Every structure is written in C-alpha cells, then in structure tokens.
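Asker: Handing you this structure, nothing more for now.
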Amino acid sequence: MTRSLIDDDKANTFMVQGSSRTSPEDNGVRKYVEKVSSVSGVSKSVIALAGGDPTGLENVYPPTVVRDKLVEVIHSSNYNSYCPSGGLPQARAAVARYYANHSSVPLKAEDVFICSGAAGALDLVFASLCNAGDSLLLPEPGFPLFRSIANALNIECRYYQLDPTNHFSIQLDSIRKAKNERTKAIVVNNPHNPCGHILSSDEMNAVVHVAKELRLPIIADEVYEEIILDEESKFISFLSFAREISVLKISSISKLYVAPGWRIGWCVIGDKSDSLQDIRAVMKRLSMRLIFPCSLTQAVLPTMLENANLQRQQVTRLIRQNAFTFQSIIQSAHIQGLDVSIPEAGLFLFVKLDPNMLTTISDDVEFVDHLLQEQAVGVVPGQAFGIKNYIRIALTTSKSNMEQAAYRIIHFCKGKCA
C-alpha cells in the first residue's frame, strides 16, 4: 500500500532539544510580569504593579531637549554606520564626565563600556570575569537577573545574606562564608532592588574592607542611584572607593529618563591598582561580539546626562508621592498582616506579610496569585527574590492607579483576615 504524504510527514518529524542555559525559575520577576499581562477571567481592569517600567508614570517623558536632540541626530545621518565596539567615543566620554565627582580615581572614556541596558552591562562583566565553573557572590534577597545571567554562563551562584530585621543590611560574615576558591567578585546592589535600602558610608567601608581581605573586586549595580526617596539618605557610589578596591559600576538611563526601551546602560571601571587590566582586554574583545545599543540613542546620551537634574526631581517626586499615597491608605484602614515602609530609594515598596493574620493564605506566592485573580492587582512575591512572605509593589504608575490598588488590596485582605 502506498504511504500517504501525511504518514511521510509524521515519519520525518523530530524535536530539536533546547539548551540548558536557562530554567523557568531563572527570572521570577519576568514570569510574574508576563502572568499579569496575560491574565484572563478577571472582572476588573488589571492594575499591573509587577514590573518596574517607569513609562507607567503619568505624563513623564524624556525631556524635550533630549527628544529634540534625537530628531536632530536622526536627520543628521551621521550615525547610520556600525558603532565602535565599547560605544561611541562621545557617549563614553560623557559617562566618564558624569561620574568624575563621584570617583576617587580619574575617569576617562576608555574606562566606560556602553551596553544594551544595565542587563547588557552585567552580562558583559560576568562573562569577562568568569569562566564556566567560577563563582560570584550574590545578595539574598536579590534581583533574580543576577542569577539568570550567571546560570546562562555556567557560573556558580553563591549567596551572602541581607538582614531583614536591620533594613536589609549586609551580613558581612556571610560574604566570607560564601566565598570559595573559584569566586571572582562580590556583586553589590546599591540602592537595593527590591528592598530599597541605601548602604551607609560605614556599611560601604565594611564591605570594601571584606573585599580587600578576600582580594575580590566589587561589581556595583547602582541602577537606582538617581531615585532617592528618603531626603535624609545619601547615596555614595562604590567608585568613591576605587583607590582602595577595584570596582565595576553598572548603571543606565532606563529609570531616570523613563526610557528603558532606548536600551542604554554602561559599565564604568574604577581601578587605581590596574588589577582589572586583563578584564578590560576581555571586555574589549567581547564587546566586538555582543550587540550594543543603537548609535542614534548613544549620540543623544551626552545631552541626557547634561539635563539630569530636572528629570531627577520630577521622577523622584512622583515615585515618592505614590509611595506615601499607598502607605497612607493602607495604614488608615488598620489592615492586619501588612507592614508598609517607605524605601530609601528605588521604584518599589517591599511590603512584609504576616500570613498568621490572613486566613486561607499560606505565603506570599499564594497571596500574589489570589490577589491577581480576585482583585486584578499584579505584584511580585518575595520568593522571586529569595525571601518568603514579602511582596514587591511597583510605584511606576499613576496616582489614581496607586490609590485604586491600595483600596483593592484592603478589600482583599479584609476578606482574608483571621
């Protein structure tokens, strides 16, 4: 009997196995962001407070002078060619100038690598420092993208602990205990996501002391450096310690300039001792392979950095307003089981849950899942960051959305109270 074409197609069908570079749990935040964006069967409009996309803020855009500069750059046709590896020289020089007063060592354009957002900078730095099987010391709780990038590069993640009873300060002995013979660097997130803590000068000195003791450079993710909510807190960059310890600083324009889609981030190397000389060479070679930001937006970067002050005031004011609005509404309702504190910095509230006060809710994951289905409010559980019974709530929305989210959470909790 003649075989049919359908039978032939079935016989020739096969599956191509994907790589093991990632796992479904690598980036728990993105999982919840996508879950919120695709939720169905809810009776209310969804208030998405899972991601930290600042474009959700009301009537906030890159400054007019920046947008005008982008139009000028496009019409000039001077930036249509391939971009030099490491970034446009004027973009690299602008970043070096921007941090000149924050660094204890002189910075030049060659100390800066322009990358595809802060995530691209982390990828470049991790890949330049580590071979497969090497390890990095990461904070716990911490931003899951650190783990995601490390796993993709076959880098072992070893965790040091933050103390939730003391403003999530770093437990220094846990850094020492986490290090092994293949550890290449300490990753420090300051200001911290999701906790919102800013390291004090004393805390930073203590971390630098441990890094010197262990002979490790510091990878400083400082992407929230511009969003300071506590007016009495002062942000200090790890670049100010570059005379004492080698520093690879990571930051970007995404948060302050409300332009995450422009994909401009950077790594700045502060290294008086030249301990990172070989790492610089590797970064330069890798920058010839990795995909870097569009040359058009790089050409606008100097203008963006020259106009940071007004943008900083506007964005910080709105984030602070949303934080206090949410806290005030929750506290006035006297809800048991939610502890809302204003963070020192960043775009998020990190709210502590007490499941003992909420019947039928066993932990933060269940809280988040039920809240989305019952009240159409999307947030992220603390377990996505490595800590149980907290939820992260993004402040990057309109004031009216923030108010409505607070009232929905109150209604939800009242239905679950013991």
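Asker: Does residue 128 satisfy being under 22 Å from the mean Cα position of the chain (by Cα), in contact (Cβ under 8 Å) with a residue 60 or more places away in the chain and either over 29 Å from residue 262 (Cα atoms) or buried (at least 18 other Cβ atoms within 10 Å of the Cβ) (or both)?
Answerer: Considered against the rule, which asks whether it is under 22 Å from the mean Cα position of the chain (by Cα), in contact (Cβ under 8 Å) with a residue 60 or more places away in the chain and either over 29 Å from residue 262 (Cα atoms) or buried (at least 18 other Cβ atoms within 10 Å of the Cβ) (or both), residue 128 comes out as yes.
Asker: In this structure, does residue 60 turn out to be assigned to a helix (DSSP H, G or I) and farther than 26 Å from residue 146 by Cβ?
Answerer: Judged against the criteria, residue 60 is not a match.
Asker: In region 98-117, which residues are assigned to a helix (DSSP H, G or I) and either buried (at least 16 other Cβ atoms within 10 Å of the Cβ) or among the aliphatic types (A, V, I, L, M) (or both)?
Answerer: Residues satisfying the conditions are 98, 100, 102, 109, 111, 117.
Asker: Quick test for you: out of 256, 286, pick the one residue that is closer than 25 Å to residue 53 by Cβ and surrounded by fewer than 24 Cβ atoms within 10 Å (Cβ to Cβ).
Answerer: When all the criteria are applied, what remains is 256.
Asker: Specify the residue that is farthest from residue 95 (Cα to Cα); the eligible residues are those in region 285-312 that are in a helix (DSSP H, G or I) and touching a strand residue (DSSP E or B) at 6+ places or on another chain (Cβ under 8 Å).
Answerer: Within region 285-312, the match that is farthest from residue 95 (Cα to Cα) is 298.
Asker: Considering 350, 326, which residue is buried (at least 17 other Cβ atoms within 10 Å of the Cβ), out of contact with any Phe, Trp or Tyr (no Cβ under 9 Å at 6 or more places or on another chain), closer than 26 Å to residue 169 by Cα and not assigned by TED's automatic domain parsing to the domain that holds residue 199?
Answerer: Exactly one residue qualifies, and that residue is 326.
Asker: Collect the residues in region 33-77 that are of a type outside the set (Gly, Ala, Ser), over 22 Å from residue 313 (Cα atoms), at pLDDT 95 or above and surrounded by fewer than 14 Cβ atoms within 10 Å (Cβ to Cβ), keeping them in residue-number order.
Answerer: Residues satisfying the conditions are 71, 72, 75.
Asker: If you don't mind, another one. Looking at residue 378 and the list (1) under 24 Å from residue 55 (Cβ atoms); (2) surrounded by fewer than 22 Cβ atoms within 10 Å (Cβ to Cβ), which single condition is not satisfied?
Answerer: (2)
Asker: Residue under question is residue 326, and the condition is that it be touching a strand residue (DSSP E or B) at 6+ places or on another chain (Cβ under 7 Å), assigned to a helix (DSSP H, G or I) and not small (Gly, Ala, Ser); does it hold?
Answerer: yes
Asker: Here is a further query. Among the residues of region 362-371, write down those that are surrounded by fewer than 21 Cβ atoms within 10 Å (Cβ to Cβ) and either under 17 Å from residue 52 (Cβ atoms) or in contact (Cβ under 8 Å) with a residue 12 or more places away in the chain (or both).
Answerer: Selection gives 363, 365, 370.
Asker: Restricting region 367-393 to residues that are closer than 25 Å to residue 157 by Cβ, among the hydrophobic types (A, V, I, L, M, F, W, C) and in a strand (DSSP E or B), which is nearest to the chain's Cα centre (by Cα)?
Answerer: Once the filter is applied, the top-ranked residue is 380.
Asker: Which of the residues that make up region 329-357 are outside any strand (DSSP E or B) and touching a Lys or Arg at 6+ places or on another chain (Cβ under 7 Å)?
Answerer: 347
Asker: Condition check: under 30 Å from residue 411 (Cα atoms), free of Cβ contacts under 8 Å to residues at least 12 places away in the same chain and either loosely packed, with under 14 Cβ neighbours inside 10 Å or out of contact with any strand residue (DSSP E or B) (no Cβ under 6 Å at 6 or more places or on another chain) (or both). Does residue 317 satisfy that?
Answerer: It is true that residue 317 is under 30 Å from residue 411 (Cα atoms), free of Cβ contacts under 8 Å to residues at least 12 places away in the same chain and either loosely packed, with under 14 Cβ neighbours inside 10 Å or out of contact with any strand residue (DSSP E or B) (no Cβ under 6 Å at 6 or more places or on another chain) (or both).
Asker: Give the residues of region 222-250 that are over 13 Å from residue 273 (Cα atoms), surrounded by fewer than 21 Cβ atoms within 10 Å (Cβ to Cβ) and among the basic types (Lys, Arg), sorted by residue number.
Answerer: Once the filter is applied, which keeps residues that are over 13 Å from residue 273 (Cα atoms), surrounded by fewer than 21 Cβ atoms within 10 Å (Cβ to Cβ) and among the basic types (Lys, Arg), region 222-250 yields only 234.
The values are calculated or read from the model by the stated rules, or taken from the named source; none is laboratory data. Everything numeric in this text was worked out from a predicted model, so none of it was measured. Quick reminder, even Gly has a Cβ in these numbers, built from the backbone with ideal geometry, and neighbours come from all protein chains shown.
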